[in-house]
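As structure tokens, the structure follows; a few thoughts come after it.
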Amino acid sequence: MALATRDRLRRDARDIFRAALDAVDPFRVVKRSLAVGRAAVVVGGHRFPVARRGRVLAIAIGKAAAPMLAAAEEILGDRLDAGLCVTKRGHALPLGRSRVMEAGHPVPDEAGLAAAGEVERLLRGATRDDLVLVLLSGGGSALLPAPVPGITLTEKQAATSLLLASGADIGEMNCVRKHLSRLKGGGLARAAAPARVATIVLSDVVGDPLDVIASGPTVPDPSSFGDALEVLRRRGLVDRVPGTVRLRLLAGARGELPDTPKPGDPLFRRCRALLGATNRLALDAAARRACALGYRPLVLTTTLTGEAREIGGMLAALAREVRSSERPVAPPCCLLSGGEPTVTLRGNGKGGRNQELALAAAFGLEKLPGVALLAAGTDGTDGPTDAAGAICDGDTLARARADGIDPARHLENNDAYPLLAATGDLLITGPTRTNVMDLHAVLVAGVPRRTRRTVRFRRIRRPGRAG
């Protein structure tokens with residue numbers, strides 16, 4: 001691949017990714033969703049009356065919590081009586097009127113336990129005259145652990161780690177966590193009652209189900225103890241999770257424990273939730289930027305799930321199809337997809353799902369000229385690493401082998417990070433303070449007209465008919 005072409009493709013891929021992030025900037029999301037009216041707060045066009053003696057309390061939870069609460073502080077001004085921000089370490093920002101707490105993610109820790117206690121203290125004594133504004137984004141489940149009585153934080157950490165290693169998707173993870181928590185699955189709304197609750201949500205879940213995003217703390221929970229138990233069975237974890245977790249889910253499935261609040265519960269008559277930003281919004285912005293840079297954009301899907309390495313192979317196959325037959329779109333083009341693949345751990349290496357996806361794709365792209373693939377998390381974090389993801393191309397594996405690195409061994413060991421660091425293919429953005437799942441962009445450069453192959457189709461005559 002010509003160096004100029006490779007550099008331009010990589011530069012354009014980063015530019016397209018930045019445009020996607022700008023479209024889902026949490027500060028802007030809240031600014032366009034929240035307003036103060038006369039004796040009311042307006043959220044997504046819905047008016048929430050606030051009596052003169054009523055309070056406005058704001059609770060922001062997730063990786064985008066800090067900028068979301070910063071926007072709420074600016075809009076509400078003196079009308080905000082108290083605010084609390086709970087976010088991932090390294091994602092905090094200084095706020096004017098609100099307390100900021102950082103906690104562990106993706107495995108919950110003691111700081112998150114303390115933050116959950118602060119949320120419950122803030123909500124204690126809330127009245128019908130009060131409004132609780134909840135600002136939710138991805139990561140909220142891990143950041144706000146509030147284990148039910150009888151289950152310790154250590155036991156919840158163990159269950160979370162087992163689910164992560166099993167390749168469980170976010171829906172499965174949160175189904176289990178909701179049934180081990182006081183605040184998840186509608187629990188925060190219950191703690192805030194009888195106050196009104198207004199929620200603005202950034203979706204980090206495929207399909208944008210409000211009950212799954214951050215484990216749905218302010219919305220009804222359609223899942224049951226039986227569903228949570230089935231997740232453990234499906235992932236082979238029933239006999240591996242701590243005994244207290246297993247016994248609680250078994251007791252709940254037998255009807256011996258009250259379940260989470262369900263759709264139709266009167267609790268939610270004074271609660272509303274607004275979807276402020278989604279992966280679709282990010283991909284649409286990426287498509288517009290790709291078009292401005294001279295590529296034909298094609299959004300394939302926003303609901304991509306499955307094993308990261310298999311998806312990497314599929315995206316590489318699509319790039320080869322474009323190069324050979326100009327289908328499903330002619331180059332220069334940009335194929336876009338979004339979602340949240342998973343990784344089933346087979347080894348003990350260092351990486352994340354986007355790095356594994358990119359490394360797997362590199363095998364399919366090997367020696368293919370004029371193609372680059374970006375795979376990145378919109379939160380700027382990919383697994384337990386400092387990278388958002390990676391950008392690979394047809395020369396990635398050659399660069400690795402030139403450094404004496406065996407790509408197949410690294411892929412098998414879930415060890416993409418050191419290989420991609422050595423080849424210069426890591427994408428490091430730092431915390432973006434937003435989170436709408438992952439974005440994948442496959443850029444295919446145009447082919448000079450003089451080298452483009454012309455495909456001719458020969459007419460086939462049907463039997464028994466005269467030519």
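The values are calculated or read from the model by the stated rules, or taken from the named source; none is laboratory data. These numbers were taken from a predicted model, which means no experiment stands behind them. A quick note on method: Cβ atoms are made from the backbone with ideal geometry, for glycine too, and the neighbour counts reach across all protein chains shown.
Does Ala408 satisfy the condition of being at pLDDT 95 or above, in the same structural domain as Ala330 (by TED's automatic domain parsing), surrounded by fewer than 22 Cβ atoms within 10 Å (Cβ to Cβ) and not in a loop (DSSP other than H, G, I, E, B)? Outline the logic, then answer.
Working: at pLDDT 95 or above: yes; in the same structural domain as Ala330 (by TED's automatic domain parsing): yes; surrounded by fewer than 22 Cβ atoms within 10 Å (Cβ to Cβ): yes; not in a loop (DSSP other than H, G, I, E, B): yes.
Taking the combined requirement at face value, the residue satisfies it.
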Open item on the list: Restricting to the range 388-405, and then to whatever is of a type outside the set (A, V, I, L, M) and assigned to a helix (DSSP H, G or I), can you tell me which residue is surrounded by the most Cβ atoms within 10 Å (Cβ to Cβ)?
Closed with: Thr396
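Considering the range 433-450 alone, what residues qualify as being outside any strand (DSSP E or B) and closer than 29 Å to Arg346 by Cβ?
First, pick out the residues of the range 433-450 that are outside any strand (DSSP E or B): 433-437, 445-450.
Correct list: Asn435, Val436, Met437.
Specify which of the listed residues (Thr381, Thr385) is of a type in the set (S, T, N, Q) and buried (at least 24 other Cβ atoms within 10 Å of the Cβ). Talk me through it step by step, then tell me what you get.
Numbers: Thr385 fails: buried (at least 24 other Cβ atoms within 10 Å of the Cβ).
Just a single option satisfies the conditions, and that option is Thr381.
Run down Leu131, Leu84 and say which single residue is crowded, with 19+ Cβ neighbours inside 10 Å and under 25 Å from the mean Cα position of the chain (by Cα).
Answer to the selection: Leu84.
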Task: Evaluation of Asn174 against (1) assigned by TED's automatic domain parsing to the domain that holds Leu210; (2) touching a Lys or Arg at 6+ places or on another chain (Cβ under 8 Å) (one fails), failing number - done: (1)
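Report the residue count in the range 278-324 for those that are in a helix (DSSP H, G or I) and either over 18 Å from Asp22 (Cβ atoms) or charged (D, E, K, R) (or both). Outline the logic, then answer.
Looking only at the range 278-324, we keep the residues that are in a helix (DSSP H, G or I), and these are 279-292, 308-324.
Remaining after also requiring either over 18 Å from Asp22 (Cβ atoms) or charged (D, E, K, R) (or both): 280, 284, 288-289, 308-324.
The total comes to 21.
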Task: Val245, sole failed condition from (1) under 21 Å from the mean Cα position of the chain (by Cα); (2) buried (at least 22 other Cβ atoms within 10 Å of the Cβ) - done: (1)
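Can you spot a residue in the range 188-203 that is at pLDDT below 95 and assigned to a loop (DSSP other than H, G, I, E, B)?
Keep residues of the range 188-203 that are at pLDDT below 95, which gives none.
No; the residues of the range 188-203 include none that is at pLDDT below 95 and assigned to a loop (DSSP other than H, G, I, E, B).
Of the residues that sit in the range 146-186 and are in contact with a strand residue (DSSP E or B) (Cβ under 7 Å, 6 or more places away or on another chain) and either without any contact (Cβ under 8 Å) to a residue 24 or more places away in the chain or more than 19 Å from Asp227 (Cα to Cα) (or both), which one is surrounded by the most Cβ atoms within 10 Å (Cβ to Cβ)? Outline the logic, then answer.
Kept after step one, since they are in contact with a strand residue (DSSP E or B) (Cβ under 7 Å, 6 or more places away or on another chain), are these residues of the range 146-186: 146-148, 153, 156, 167, 169, 180-181.
Of the ones still in play, those that are also either without any contact (Cβ under 8 Å) to a residue 24 or more places away in the chain or more than 19 Å from Asp227 (Cα to Cα) (or both) are 146, 153.
Details: Ala146: 23, Leu153: 16.
Residue satisfying both the conditions and the ranking: Ala146.
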TODO: For residues that are within 20 Å of Gly138 (Cβ to Cβ) and in contact with a Pro (Cβ under 8 Å, 6 or more places away or on another chain), tally how many sit in the range 152-176.
DONE: 6
